[in-house]
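A.B. asks: Have a look at this one before I ask anything.
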Amino acid sequence: MRHYNLMSYKLAVPLFFIALILQTTVLNKIAIYGYAPNLLLCMVVVFSFLYQRLYGLVLGAIFGILLDLVTKPIVGIESLTFLVTFIIASALSEYFNHEKLLPDLVTGVIATVLSVGIKYLLYLLVGYTVNLSVCLESLKVLIPYNLVVIAILHLVFVRSIIRFYNDRKFQGGYWTE
Amino acid sequence: MKDNSLIKKITISAAVLVLLLILILSSYLLKDQDTVVGDVAGSIITTVQKPVAWAGDKMSMFFTGMLIDDGVEKKLDKLEKENERLKLELMQDRMNADQLEELKELSTSLNTMSDPSGYKLQAADIISYNDSDVLGTFTIDKGTEVGIQKNAVVVAGDGLVGKVIKTEKGFSLVSPMIDESNKIGFVYKDHDADIGLLYGDGSGALEGAFMDNKYKPEEGMALYTSGIGGVYPAGIPIGKIKEVKKAKETAETMFTVAPYVEFDGMKKVAVILK
């Protein structure tokens, strides 16, 4: 079996790196009520759904650690939320057509809630005080904001897998023959 | 084929999960230590972040500046910088005066003379706001290379900003004072006995109460750091009392404080080096 991959690590790694830099520098300029979208989380959702490879898992773990290094007191927290996101997206992609937007959005909602929940619990475990009601309040902004970003990313990247939508040999973002 | 792919995903996910849990645990255990990996990765990322953050600021200024005349904008920018510098100088003088007073008291009791030169301020640029995280931290472009240490206090021209919770070569992570993990001892201006404790209420303001209930907080009272607790030096402006209220359970008189510092859009801060 030969694979003609339309999304390779050579392309995905720079894309994730750009997302990391944008998330930590520019996205705060468009923050609503002090909350900016989690671009890397959205990338993990979209990549885990659209491409049947392990982009979401591998790149999510690596770039999550890099994000943690410069933005968090403890390293590994964001990667853990990305891993959980990948697992949910992979599980849902078994049952839903991965070219559709709706499963991405459903995953986006679950991933955002779990992301805030996991961070809340881990921060409490390592001794930080985080107000649960503030975390719940943040979801009111983060969920719709992340969904908008996921929808935009989906519309951009879905082109790479539906260009040959009717071809039975084209599956999950790469050609098989 | 599909089963194999699923098993592969589950196996790799489980392996990554174990590795991440080990990483989180070791990161927690080594949180006070400077690591080579943190230094190198942090340096690379912050090197890329600086020009991107600068470009982002310029773009933001460009769009807002479209409404303002170019010459006026430059003058405003220059005046803002000058204003910030003067405010920092004033704050340093105030802190030095408090420190000098404390040292005088100490020297009297210990019969020794100490160096009252006060604190040194290290200017730093904010290169990243972590607005997608529940802790609401931000990153500055100076780290261990200029002598910044964990728990170093961060100020701006208007007053207290927060403290450093992590520092590596090339960058430091700052927790703003409005974060709920921060507890700040305060005094009411010119009333050194009126001490109390403030903490973030999670919504961008601070909450607190006087230690002694006989002191009555009033709206508009200016609060300063007390120096008690050993983290924040005495004399840094914190904010003004915005609202006074009674706690439901204890009937204690509580109040909310509006910080002097505007956290939104802040670009420069100064770190107090000991």
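Each reported figure results from applying straightforward, stated rules to the coordinates on display, with no laboratory input. Just so you know, these numbers come straight off a predicted model, no measurement behind them. With ideal geometry, Cβ positions are generated from the backbone for all residues, glycine too; neighbour counts draw on all protein chains shown.
A.B. asks: What whole number of Å gives the distance from the Cα centroid of region A:102-151 to the Cα centroid of region A:1-79?
C.D. replies: Comparing the Cα centres of region A:1-79 and region A:102-151, I get a distance of 16 Å.
A.B. asks: List every residue whose amide H lies under 5 Å from the amide H of residue B:254, counting only residues 5 or more places away in sequence or on a different chain, with H placed 1.01 Å from N in the peptide plane.
C.D. replies: Long-range HN contacts for residue B:254: B:245, B:246, B:247.
A.B. asks: Something else now. Stretch residue B:44-residue B:146 to full length: gain in nm at 0.36 nm per residue minus the Cα-Cα span?
C.D. replies: Here the segment from residue B:44 to residue B:146 would lengthen by 35.0 nm.
A.B. asks: Right, here's the next one. So which trypsin sites (Lys or Arg not before Pro) in region A:49-131 end up in coil per DSSP with only 14 or fewer other C-beta atoms within 10 Å?
C.D. replies: Listed in order of number, the matching sites are A:100.
A.B. asks: Something else now. Per DSSP helix of 4 or more residues, -39500 (n - 2.57); summed, then divided by the residues of chain A. What does that give at 222 nm, rounded to the nearest 500?
C.D. replies: The helix contribution divided over chain A gives -22500 deg cm²/dmol.
A.B. asks: Now, a different point. State, to one decimal in nm, how far the label point of residue A:32 lies from the label point of residue B:15, with both points 7 Å from Cα in the Cβ direction.
C.D. replies: 4.1 nm
A.B. asks: I've got another one for you. At 18 angstrom or more along the helix axis (alpha-carbon based) and mean Kyte-Doolittle of 0.5 or higher, what helices does chain A contain? Whole DSSP H runs only.
C.D. replies: Passing helices, by number: A:9-25, A:55-71, A:77-93, A:101-125, A:132-157.
A.B. asks: Give me the dipole magnitude in Debye, nearest 20, for chain A about the Cα centre, with unit charges on the beta carbon: positive for Lys and Arg, negative for Asp and Glu.
C.D. replies: 320 debye
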